[in-house]
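First the structure, in the form of structure tokens, and then the observations on it.
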Amino acid sequence: MSLAFFDMDGTLVGGDTNDITLHHFVKLGIAPSDMLIKLSECEQKFFEGSLDINEFVRFAVTPLVKLSKDEQYKVLHETVRDLIIPLVKPGAKRALEFHKQRGDRIFIVTSTCDYIVEHVASLLGISDYIAAPMEKIEGRLTGKQCGTVPYQEDKVKRINEVLDREQLSLEDSYAYGDSINDLPMLMMCTHRFAVDPNEKLLNHPAIKSLELVDWKK
């Protein structure tokens, strides 16, 4: 059994799940429209690799805090099912099937909050994910962060925690990502794929160590 690590936004999904969800929350009336201004600023910093990810995840969860447990689940599941899963790239579906057929263990590794990722993983038939850990009390999101967000070098930290805890090996491992934020994760694995890489990753010296793939078709 090999391990396969997939970044989510821009890699598995042809879009930004934070952008999709927050715009939808504004449309539903559970988030104020002025949140979109800060979202745009954060997205630019993310692509530059300069985002304060801890500040961002606490910002992203705020529209959900006022909802009940059942309301939170409903809005998140329906948003992911109807707006995010349709954006899963054709190449991503083929890669997931490749690893499932081999019996590999598949992980989504993303700085996106776990309350979104759990629905993405479930709907894609993926058992494991490493995401931004947000506190829940009796199943309800509190708005608080409760652990290390897997962003840049911290993707490696969180992966290593899983490897140590479960005595797993990176021998013949696979990693897929689209941005410089994924480079630490990509470089720790045997097979490294730059999936529809953005300009900043394409211009990075490490691109020579990666296999470029087009998953848009």
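Given +1 on the Cβ of Lys and Arg, -1 on the Cβ of Asp and Glu, and no further charges, what dipole in debye does the stretch 113-212 carry about its Cα centre, rounded to the nearest 20? Write down the numbers at each step before the final one.
Numbers: 10 positive and 17 negative charges, 52 e Å.
Taking the Cα centre of the stretch 113-212 as origin, the dipole is about 240 debye.
What percent antiparallel are the DSSP beta bridges of the chain, to the nearest 5? Provide the component values of the computation, followed by the final result.
Details: 4 of 23 bridges.
Close to 15 percent.
Tilt of helix 69-79 relative to the longest C-alpha principal axis of the chain, in degrees (0 to 90, nearest 10)?
Long axis of 69-79 versus the principal axis of the chain: about 50 degrees.
Sorted by accessible area with a 1.4 angstrom probe, largest first, how do S2, S127 fall?
Working: S2 10, S127 105 Å².
Result of the area sort, largest leading: S127, S2.
At 0.36 nm per residue, and after removing the present C-alpha to C-alpha distance, how many nm does the segment from K157 to S209 gain when stretched out fully? Mind dumping the intermediate values first?
Working: separation 52, 0.36 × 52 = 18.72 nm, distance 2.12 nm.
Result: 16.6 nm gained on full extension.
Would you please give the FRET efficiency between D82 and D172, computed as 1/(1 + (r/R0)^6) with r the Cβ-Cβ distance and R0 = 25 Å, to the nearest 0.05?
Values: r = 37 Å, r/R0 = 1.46.
Working from the Cβ atoms, E equals 0.10.
Label-point separation (nm) for R94 and S50, each offset 7 Å from Cα along Cα-to-Cβ?
Between R94 and S50, the label points sit 3.8 nm apart.
In the stretch 115-132, which residues have a backbone nitrogen under 19 Å from the label point lying 7 Å from H191's Cα in the Cα-to-Cβ direction?
Those under the cut-off are 126-128.
Quick check on the chain: helices-only [θ] at 222 nm, where DSSP H runs of length 4 and up contribute -39,500 (n - 2.57) each and the sum goes over total residues. Nearest 500, please.
On the way: 10 runs with 95 residues, N = 217.
Mean residue ellipticity at 222 nm (helix-derived): -12500 deg cm²/dmol.
Would you work out which of G49, L141, S68 lies farthest towards the positive end of the dipole of the chain, given +1 charges on the beta-carbon of Lys and Arg and -1 on that of Asp and Glu, about the Cα centre?
Among G49, L141, S68, the one farthest towards the positive end of the dipole of the chain is S68.
Collect residues whose amide H, placed 1.01 Å from N in the peptide plane, falls under 5 Å from the amide H of G15; neighbours closer than 5 in sequence don't count.
Residues meeting the amide H criterion: G10.
The values are calculated or read from the model by the stated rules, or taken from the named source; none is laboratory data. All values derive from a computational prediction rather than experimental measurement. Neighbour counts are summed over all protein chains in view; Cβ atoms, including those assigned to glycine, are modelled from backbone coordinates with ideal geometry. Side chains are part of the model used for accessible areas, which takes the heavy atoms of the whole protein and leaves out ligands, DNA and RNA. Shrake-Rupley method; radii C 1.70, N 1.55, O 1.52, S 1.80 Å.
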